[in-house]
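Novice: Can you keep this structure in mind? I'll have questions shortly.
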């Protein structure tokens, strides 16, 4: 076997194939970089897209395109890429089945980041937990409870159930019920409640607060008090109003019924036996 035959039959063809494979890989990487940059720019313009979600989508696009470039380069070298594609697909299926729960959390995380039912700093009730949202990540959401505990909730559990966002609106209604005795003056009690509501500057004038007799219960006459406040004042108004109503009712001699039980004891006379003890 002479040198010319080696060059013509082996070196030249394989050299061309290797050169073409390298060219495909280099040019492909350059094209992929341009496409990824364009995708990042387009996604970044959307205000609904979170930065973390943009980075994740861009990384997936980059990985998929690079994989296609590698397959095209290997195909140029004569490698049977059909078996490689089948192997990658089988591996992807196996990984997907193994990470089924994680993929559910990931899908829910994407939905949360896209549709934004809540954001960092909101007080929510979701996934069986109530607290302030600190971080929203692709697989889980970190929340801080009112007693300062950190709870990490899987996104799948959050998005599969109801989500109550207490911070989504600027105002909230405070629902309170106050009961008085049947022997008390209902007009005086209603006047006291209306006065306390009107004197609190944190209570909004619009919508108009509601003070009404709502029910004649078994052991009390119940008034509903429903003022509107700014969301940040909700708990303070609720706690302060409970204290003010109790003090005002005490001062006015109005009773607040509470469960009680009356126990009556009946003394039975002791019967004396007429029989004398045997000697």
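Novice: Say R0 is 51 Å: what FRET efficiency, to the nearest 0.05, do residue 242 and residue 114 get from their beta-carbon distance?
Specialist: It comes to 0.80.
Novice: Using a basic spin-label model with each label point 7 Å from the Cα along Cα→Cβ, how many nm lie between residue 67 and residue 142?
Specialist: So the two model labels end up 3.1 nm from each other.
Novice: Can you tell me the FRET efficiency between residue 186 and residue 231 if r is taken as the Cβ-Cβ distance and R0 is 30 Å, rounded to the nearest 0.05? Working shown, then result.
Specialist: Values: r = 32 Å, r/R0 = 1.07.
Using R0 = 30 Å, I get an efficiency of 0.40.
Novice: Right, next: From zero up to wherever the largest Cα-Cα distance of segment 121-182 sits, split into 5 Å bins and tell me the percent of pairs in each.
Specialist: 4, 17, 24, 20, 12, 8, 5, 5, 3, 2, 1, 0
Novice: Please give the direction-averaged projected area of the C-alpha convex hull for segment 95-200, in square nanometres with one decimal.
Specialist: Values: hull surface 41.0 nm².
Result: a mean projected hull area of 10.2 nm².
Novice: If neighbour count is taken as other Cβ atoms inside 10 Å, put 180, 256 in order from fewest to most.
Specialist: Neighbour counts put them in this order, fewest first: 256, 180.
Novice: Which value, in nm² and rounded to one decimal, describes the direction-averaged projected area of the C-alpha convex hull of segment 171-252?
Specialist: Numbers: hull surface 20.3 nm².
Seen from a random direction, the Cα hull of segment 171-252 projects 5.1 nm² on average.
Novice: Could you work out the pair-distance distribution P(r) of segment 176-221 from its alpha-carbon pairs, with 10 angstrom bin width and percents rounded to whole numbers?
Specialist: 24, 50, 22, 4
FYI, it's all coordinate maths here, none of it is from the lab. Source: prediction; values computed, not measured. No Cβ is skipped: glycine too gets one built from the backbone with ideal geometry, and neighbour counts run over all protein chains shown.
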